[in-house]
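J.: The following block contains the structure, expressed as structure tokens.
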Amino acid sequence: MSEKISALRSIHSEAAFLSENGYYGEYGGSYIPEILVPAFTEIKEHFEAIRQDDAFWQQYCALLADYSGRPTPLTYADRLTRHFGRARIYIKREDLNHTGAHKLNNALGQALLARKMGKTRIIAETGAGQHGVATATVAAKLGLSATIYMGREDMERQYANVFWMRRLGAEVIPVDYGSQTLKDAINEALRDWVSNFETTHYVLGTASGAHPFPSIVAYFQSIIGIEAKEQILRSAGRLPSRVYACVGGGSNALGVFQAFYPHEEVQLIGVEAGGQGKESGRHASRIAFGEGKPGVAQGYKTLFLQNNEGQMNDTFSIAAGLDYVGVSPILANLSERGRIQFSAATDAEVIEALEIVMKTEGLIPALESTHAFAGAFRDIAESSKSDIFIVNMSGRGDKDIFNIAEGLQDEEWKAFIHRKNAQFEA
Ligand SMILES: *Cc1c(COP(=O)(O)O)cnc(C)c1O
């Protein structure tokens, strides 16, 4: 445990690249309403304190171990490796976390931070609903009350998650204005926080937003890479050649990448949602397609998909969790520094990669995570047998059954849905 803590210290001192005022190079910062300044000051102070507090990290790791099932395994994908006949592929299994993805690492850490600050209530925004479910789950476990904001449109698309959040005891509030999606939910959560920050902590779901949220989320997700590095050294006796992760806001990617920053020989590749391709305009690739432009929104500066007037574009992806206009300021900076490369996988490539992973390894990755596989598969032809690839499987895919069945154009599934529907109407 103490080794883990010192690993963590070195990661965060060597590689956070954070300037005094909360910027990562030109990105980041804190563009917040005056009224929230005390809330942010309080969070910064407590976050600083817990980073120096081994007991806090130990409590966090113990809860992750006994409640969420960490450490998650690093699985050697022998059949997948043979399928391509090149680099050896290892899979970091974040799908095995409680609630099925890496999101719990952050939700649990921030809920503990909230308790440390004496808060009794947590609030969150959610798009696809995964972060909402993780937040509702930890609220129940730690005895906090929870309110989750979600766009009405997203609630329709991800109703199963709404059902579970409510059953877990959280209040889910539909957001009825704007595009009724994630960015409107963020605005509504901020509005709530402005009136209630004395009792309430805002559990932001990804490594974006105003400083210090990107640092906080990256910190709580860094457990992924700390484990993965230890595991690959143990099982392969050496560091990987490349590490792949999908990038929505950037939290699972930063989580797995951070431990490898100091090892320049390890290439880090973030894979964005290429949707229907660059030409179609229907995608969510801010960096790989070179289309994100610097701007300030939602409390921070980063590369946003926006038009020349600074209006945010509509984004598109088969994977709801990658469908976001901004990107972590930490990733925007690391991309400019050349430390992280970016590529984008299209929906069609993702569906193809998914079938390969399911049939060779018996794993069902989330559509988000399948982008990381698709990115690795594209590069693998140029690798050699002595290379090692790690793919971060950020979550499991059972939640995506409707989208996957549609993507695979599964006629039997369609017939089943029709029968179910007919039962309800009868
Ligand atoms: C939410 C989610 C993502 C995208 O979020 P990041 O902050 O970029 O990690 C990726 N994979 C899964 C399974 C998710 O639930």
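J.: I'd like to know if the stretch 207-221 contains one or more residues that are of a type outside the set (Asp, Glu), under 19 Å from Tyr90 (Cβ atoms) and either modelled with pLDDT of 95 or more or not assigned by TED's automatic domain parsing to the domain that holds Val296 (or both).
T.: Yes, the stretch 207-221 contains at least one residue that is of a type outside the set (Asp, Glu), under 19 Å from Tyr90 (Cβ atoms) and either modelled with pLDDT of 95 or more or not assigned by TED's automatic domain parsing to the domain that holds Val296 (or both).
J.: Going by the conditions given, is Thr370 within 16 Å of the ligand (Cβ to nearest atom), among the hydroxyl-bearing types (Ser, Thr, Tyr) and in the same structural domain as Ala87 (by TED's automatic domain parsing)?
T.: It is true that Thr370 is within 16 Å of the ligand (Cβ to nearest atom), among the hydroxyl-bearing types (Ser, Thr, Tyr) and in the same structural domain as Ala87 (by TED's automatic domain parsing).
J.: Which residue is surrounded by the most Cβ atoms within 10 Å (Cβ to Cβ), if the candidates are limited to the stretch 155-182 and must be outside any loop (DSSP other than H, G, I, E, B) and among the charged types (D, E, K, R)?
T.: Checking each candidate, the answer is Arg157.
J.: Follow-up. Looking at (1) within 15 Å of the ligand (Cβ to nearest atom); (2) open to solvent by 10 Å² or more (accessible area, probe 1.4 Å); (3) not in a loop (DSSP other than H, G, I, E, B), can you tell me which one Tyr149 breaks?
T.: (1)
J.: To continue, here is another question. So for the stretch 288-311 (the condition being within 17 Å of the chain's Cα centre (by Cα), touching a residue at least 24 places away in the same chain (Cβ under 8 Å) and within 30 Å of Asp387 (Cα to Cα)), does at least one residue qualify?
T.: The answer is no, given that none of the residues of the stretch 288-311 is within 17 Å of the chain's Cα centre (by Cα), touching a residue at least 24 places away in the same chain (Cβ under 8 Å) and within 30 Å of Asp387 (Cα to Cα).
J.: If you take the residues of the stretch 113-141 that are surrounded by fewer than 24 Cβ atoms within 10 Å (Cβ to Cβ) and free of Cβ contacts under 8 Å to residues at least 60 places away in the same chain, which of them is nearest to the ligand (Cβ to nearest atom)?
T.: If we take residues in the stretch 113-141 being surrounded by fewer than 24 Cβ atoms within 10 Å (Cβ to Cβ) and free of Cβ contacts under 8 Å to residues at least 60 places away in the same chain, then Ala140 is nearest to the ligand (Cβ to nearest atom).
J.: Regarding the stretch 127-136, can at least one residue be identified that is modelled with pLDDT of 95 or more and outside any helix (DSSP H, G or I)?
T.: no
J.: If you go through the stretch 96-112 one residue at a time, do you hit one that is more than 24 Å from Gly225 (Cα to Cα) and either within 23 Å of the chain's Cα centre (by Cα) or within 16 Å of the ligand (Cβ to nearest atom) (or both)?
T.: The answer is no, given that none of the residues of the stretch 96-112 is more than 24 Å from Gly225 (Cα to Cα) and either within 23 Å of the chain's Cα centre (by Cα) or within 16 Å of the ligand (Cβ to nearest atom) (or both).
J.: Kindly list, by first and then second residue, each pair from a residue in the stretch 338-351 that is open to solvent by less than 20 Å² (accessible area, probe 1.4 Å) to a residue that is part of a helix (DSSP H, G or I) and among the aromatic types (Phe, Trp, Tyr), limited to pairs with Cβ atoms under 7 Å and residues at least 6 apart or on different chains.
T.: Note: pairs meeting the criteria are Ile340/Phe257.
J.: Then there is this: Give just the number: which of (1) more than 14 Å from Thr81 (Cβ to Cβ); (2) touching a strand residue (DSSP E or B) at 6+ places or on another chain (Cβ under 9 Å) does Lys385 not satisfy?
T.: That leaves (1) as the condition not met.
J.: Select, from Ile356, Ile364, the only residue that is surrounded by fewer than 21 Cβ atoms within 10 Å (Cβ to Cβ), under 19 Å from Ala405 (Cβ atoms), within 14 Å of the ligand (Cβ to nearest atom) and touching a residue at least 12 places away in the same chain (Cβ under 8 Å).
T.: That would be Ile364, the only listed residue that is surrounded by fewer than 21 Cβ atoms within 10 Å (Cβ to Cβ), under 19 Å from Ala405 (Cβ atoms), within 14 Å of the ligand (Cβ to nearest atom) and touching a residue at least 12 places away in the same chain (Cβ under 8 Å).
J.: Another question, if that's okay. Restrict the check to the stretch 306-316 and report whether at least one residue is in contact with a strand residue (DSSP E or B) (Cβ under 8 Å, 6 or more places away or on another chain) and either of a type in the set (Asp, Glu) or modelled with pLDDT of 95 or more (or both).
T.: Yes, the stretch 306-316 contains at least one residue that is in contact with a strand residue (DSSP E or B) (Cβ under 8 Å, 6 or more places away or on another chain) and either of a type in the set (Asp, Glu) or modelled with pLDDT of 95 or more (or both).
J.: Taking Thr81 as the residue in question, decide whether it is within 14 Å of the ligand (Cβ to nearest atom), in a helix (DSSP H, G or I) and free of Cβ contacts under 8 Å to residues at least 60 places away in the same chain.
T.: Here the answer is no, as Thr81 does not meet what is asked.
J.: With respect to the numbered conditions (1) assigned by TED's automatic domain parsing to the domain that holds Glu94; (2) touching a helix residue (DSSP H, G or I) at 6+ places or on another chain (Cβ under 8 Å), which one is the sole condition not fulfilled by Ile35?
T.: Exception for Ile35: condition (1).
Yes or no, residue by residue, for (1) β-branched (Val, Ile, Thr); (2) at pLDDT 95 or above; (3) open to solvent by less than 90 Å² (accessible area, probe 1.4 Å):
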site	(1), (2), (3)
Asp379	no, yes, yes
Glu382	no, yes, no
Lys385	no, yes, no
Asp410	no, no, yes
Glu425	no, no, no
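J.: Moving on to the next point. Considering Tyr31, Tyr67, Tyr76, which residue is within 19 Å of Ala228 (Cα to Cα), surrounded by fewer than 20 Cβ atoms within 10 Å (Cβ to Cβ), of a type in the set (Ser, Thr, Tyr) and modelled with pLDDT of 95 or more?
T.: Answer to the check: Tyr76.
J.: Next up: Find the helices (runs of 4 or more DSSP H) located wholly in the stretch 322-426 whose residues include 3 or more that are over 22 Å from Gly225 (Cα atoms) and touching a Gly at 6+ places or on another chain (Cβ under 9 Å), and list them.
T.: Here the list reads 347-361.
J.: Go through the stretch 183-291 and tell me which strands (runs of 3 or more DSSP E), entirely inside it, have 1 or more residues that are away from the ligand (no atom under 13 Å from the Cβ) and open to solvent by 10 Å² or more (accessible area, probe 1.4 Å).
T.: Where strands (runs of 3 or more DSSP E) fall fully within the stretch 183-291 and carry at least 1 residues being away from the ligand (no atom under 13 Å from the Cβ) and open to solvent by 10 Å² or more (accessible area, probe 1.4 Å), they are 242-246, 267-275.
J.: Could you run through the stretch 38-72 and say how many residues are without any contact (Cβ under 8 Å) to a residue 12 or more places away in the chain and touching a Ser or Thr at 6+ places or on another chain (Cβ under 9 Å)?
T.: 0
J.: Something else: Looking only at the stretch 317-344, count how many residues are within 11 Å of Glu272 (Cβ to Cβ) and within 13 Å of the ligand (Cβ to nearest atom).
T.: Matching residues across the stretch 317-344 total 8.
The values are calculated or read from the model by the stated rules, or taken from the named source; none is laboratory data. Computed from a prediction, not measured in an experiment: that's the story for all the values here. Counting neighbours? That spans all protein chains shown, and the Cβs are built from the backbone with ideal geometry, glycine included. Keep in mind that these areas ignore ligands, DNA and RNA; they rest on the heavy atoms of the full protein, side chains included. Shrake-Rupley method; radii C 1.70, N 1.55, O 1.52, S 1.80 Å.
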